[in-house]
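The values are calculated or read from the model by the stated rules, or taken from the named source; none is laboratory data. Here the structure is a predicted model, which means the values were calculated and not measured. Don't worry about glycine lacking a Cβ; one is built from the backbone with ideal geometry, like all the others, and counts go over all protein chains shown.
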Amino acid sequence: MGVKATELRKGTVIEQDGDLWLITEYMHHTPGNLRAIIHTKMKSLRTGSTRDMRLGSGDVLEVAFLDKKSCEYLYKESSGGYVFMDSETYEQFTLADDLVGDKMPYVKENTSCVVTFHGTSAIGVELPAAVVLEVIEADPAVRGNTATNVKKDAVVETGLKIRVPIFISKGEKVKIRTEDGEFLGRVND
């Protein structure tokens, strides 16, 4: 389906040069009496490489048709891939580490996720805005550190290293923003 460059937005996936490109930045610029120029920054969903593209307002691009399915994350293979199972058909498939590796520290085994497909190929995982994970390792609080916003290092059950306030201890559950790994709060069961 062809779409004009002015209708593109951040997060849109387009097909170009036999690859899928995610638009990560979009800026519409109209300098004085000149024609509009659209500057985009795109990331390849297959290789992870990025590139800048300059478009005119009349340029037409092909938007990719993506399908989203509810799947369950099963385990990480020794070769580095992540194994998922379709919740409806129970079919298992593997996503490569380079496609989803930066997102997987937020996901525990046997957790439901939304997986994005292009045709029959799985190309990515969508995470919820925040996840709840248990702290398995935390530095002890230093006596006298009572200033506001003092943080210490902690490791959660998936192996993710985060910064938490000094009052958080081992065994507590914390809420973490998946966009940047920021501590959001303590969770009581």
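In the range 99-108, how many residues are part of a loop (DSSP other than H, G, I, E, B) and surrounded by 13 or more Cβ atoms within 10 Å (Cβ to Cβ)? Walk me through how you get there before you give the answer.
Step one: list which residues in the range 99-108 are part of a loop (DSSP other than H, G, I, E, B), which gives 101-103, 107-108.
Cutting the leftovers down to surrounded by 13 or more Cβ atoms within 10 Å (Cβ to Cβ) gives us 101, 103, 107-108.
Qualifying residue count, the range 99-108: 4.
Of these, THR116, THR146, which one is of a type outside the set (A, V, I, L, M, F, W, C), at pLDDT 85 or above and either surrounded by fewer than 15 Cβ atoms within 10 Å (Cβ to Cβ) or farther than 24 Å from ASP189 by Cα (or both)? Before the answer, list the steps.
Numbers: THR146 fails: at pLDDT 85 or above.
Selected residue: THR116, the only one of THR116, THR146 that is of a type outside the set (A, V, I, L, M, F, W, C), at pLDDT 85 or above and either surrounded by fewer than 15 Cβ atoms within 10 Å (Cβ to Cβ) or farther than 24 Å from ASP189 by Cα (or both).
I want to confirm something. Restricting to the range 1-38 and keeping residues that are hydroxyl-bearing (Ser, Thr, Tyr) and assigned to a strand (DSSP E or B), which single residue is surrounded by the most Cβ atoms within 10 Å (Cβ to Cβ)? Spell out how you get there, then give the answer.
Residues of the range 1-38 that are hydroxyl-bearing (Ser, Thr, Tyr), as a first pass: 6, 12, 24, 26, 30.
Still in the running and assigned to a strand (DSSP E or B): 24, 26.
Values: THR24: 12, TYR26: 17.
Restricting to residues being hydroxyl-bearing (Ser, Thr, Tyr) and assigned to a strand (DSSP E or B), the top hit is TYR26.
Scan (1) farther than 19 Å from HIS118 by Cβ; (2) assigned to a loop (DSSP other than H, G, I, E, B); (3) assigned by TED's automatic domain parsing to the domain that holds GLY11 for the single condition LYS41 breaks and write down its number.
In the conditions (1) farther than 19 Å from HIS118 by Cβ; (2) assigned to a loop (DSSP other than H, G, I, E, B); (3) assigned by TED's automatic domain parsing to the domain that holds GLY11, LYS41 misses (2) alone.
Pull up the range 94-125, narrow it to residues that are free of Cβ contacts under 8 Å to residues at least 40 places away in the same chain and of a type in the set (Asp, Glu), then point me to the one that is farthest from LEU160 (Cα to Cα).
ASP97
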